[in-house]
1. Roughly how many nanometres apart are two label points built 7 Å out from the Cα toward the Cβ at residue 7 and residue 170?
2. Rounded if a/c is under 1.5, else prolate if a/b beats b/c, else oblate: with a ≥ b ≥ c from the C-alpha gyration tensor eigenvalues square-rooted, which is segment 140-188?
3. Hey, any idea what the orientation-averaged projected area of the convex hull of the chain's Cα atoms comes to, in nm²?
4. If R₀ is 35 angstrom, what is the calculated FRET efficiency for the pair residue 148 and residue 38, using the beta carbon separation as r and rounding to 0.05?
5. Angle, helix 121-136 long axis vs. longest principal axis of the chain, Cα atoms, 0 to 90°, nearest 10?
6. Using 0.36 nm times the number of residues separating residue 162 and residue 88, minus their current alpha carbon distance, what extension gain do you get?
7. Could you derive backbone 3J(HN,Hα) for segment 54-59 from the dihedral phi with the Karplus parameters 6.51, -1.76 and 1.60 (θ = phi - 60°), listing whole Hz in sequence and x where the residue is Gly or Pro?
8. So if we plug the beta-carbon distance of residue 108 and residue 64 into 1/(1 + (r/R0)^6) with R0 = 22 Å, what FRET efficiency do we get, rounded to 0.05?
Amino acid sequence: MADLKKVIFENALALITKKGFDQVTVSEICKACDITKKTFYSYYSSKDRILLDFYHDMTGRVLESLPVIVQEKRPVDLLWKCQEVGADIILEVGPELMRSVYTCDLINRAGINSMDNTADSIYRRVILEYAIQAQKNREIRTDVSPQNMMRLYYAATNGIVLAWINSEGRLDLKKELEWAFEILFQCTH
């Protein structure tokens, strides 16, 4: 990300987190960055694009964590650790920003939270490989294909994140994600 684009991105996220997506204007973002609207639009086609970039930044951050994650020995633990890092990012940014991401995704039909999203395919291939290895090692005790297990887990994860958003962050996100993980994969990690 170019330096100015990063400045716009970070300032916009801070404003959205503080005030909510609908209450933040492009003019406010420009003022916070000391740029013109023309400059803003040379980097982003809309405010929505910032949220879509944020989602991709989230999956990138999980991938950047892989050197630490791979220190886990069992594939099922690697799989959970990827989910835990994602949960930490969600908790860090809070329910208001995540509400905006989900809303933007639905309005724009971007599909970032769909089970068939290919935009973060590297991330999905990595965790699918962990699921395949965990099943081969019998750490996951189910005959359901790893692909279908992951589809179910994505659906459960989205539901849990939405419940967390609706609770204004009061729901214990990690506990609920871990509960779904252990039930769906029939494992303990």
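1. About 4.1 nm, to one decimal.
2. Values: a/c = 5.06, a/b = 1.99, b/c = 2.55.
Taking the square roots of the gyration eigenvalues as a ≥ b ≥ c, segment 140-188 is oblate.
3. Working: hull surface 42.9 nm².
So the Cα hull casts an average projection of 10.7 nm².
4. Working: r = 48 Å, r/R0 = 1.37.
The formula returns an efficiency of 0.15 here.
5. Once rounded, one gets 10 degrees.
6. Values: separation 74, 0.36 × 74 = 26.64 nm, distance 1.54 nm.
Fully extending the segment from residue 162 to residue 88 adds 25.1 nm.
7. 4, 4, 5, 5, 4, 5
8. Details: r = 26 Å, r/R0 = 1.18.
The formula returns an efficiency of 0.25 here.
Where a number appears in this text, it was derived from the coordinates with a stated rule and is not lab data. These figures come from a predicted structure and were not determined experimentally. Glycine also receives a Cβ, built like all others from the backbone with ideal geometry; neighbour counts cover every protein chain displayed.
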